[in-house]
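For reference, the structure discussed in these notes is given below.
The values are calculated or read from the model by the stated rules, or taken from the named source; none is laboratory data. Only a predicted model underlies this, so the values are computations on that prediction, with no experimental measurement involved. Cβ placement follows ideal geometry from the backbone for every residue including glycine, while neighbour counts extend to all protein chains displayed. These area figures cover heavy atoms from the full protein model, side chains too; ligands, DNA and RNA do not enter into them. Shrake-Rupley method; radii C 1.70, N 1.55, O 1.52, S 1.80 Å.
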Amino acid sequence: MDYPFSLEVIKLCTGIEAIALLTALVIATPTKWWKKLLGGSIMILGVYSANVLRIVITVVLLMNGFSFYIAHEVLAATMTIVFTIIFVLIVQM
């Protein structure tokens, strides 16, 4: 099947900035080093996985005729809110 668009995943789409910021917060947290290591590892995997999922969903939506604005901007904002809430709930446990 031939699609009338191409998609380039740039560095901003990978979540590297979010990972760096959250890693700094984990490091600055006053707790034992092994908790920092565990929490940081889970956080890095979680943010990276969420971004891969967001990119996959964006591609699927674009392939099904959604506009780029809906598939990228609205989806990204919605997923950011949802994953932030999930992250805060996990941290509170």
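Structure summary
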| item | result |
| --- | --- |
| Modelled FRET efficiency - R0 30 Å, L53 with M93, Cβ distances, 0.05 increments | 0.85 |
| Extension gain from L37 to I16, taking 0.36 nm per residue of separation minus the Cα-Cα distance | 5.8 nm |
| Fraction of the pair-distance distribution of the chain above 15 Å, Cα-Cα pairs, percent | 65 |
| Helical contribution to [θ] at 222 nm, DSSP H n ≥ 4, -39,500 (n - 2.57), averaged over the chain, rounded to 500 | -23000 deg cm²/dmol |
| Accessible area of the chain belonging to carbon and sulfur atoms, whole % at 1.4 Å probe | 75 |
| Cα-centred dipole magnitude for the chain, charges only on beta-carbon of K, R (+1) and D, E (-1), debye, nearest 20 | 540 |
| Residues I86 and E8, FRET efficiency given R0 of 41 Å [Cβ-Cβ distance, rounded to 0.05] | 0.90 |
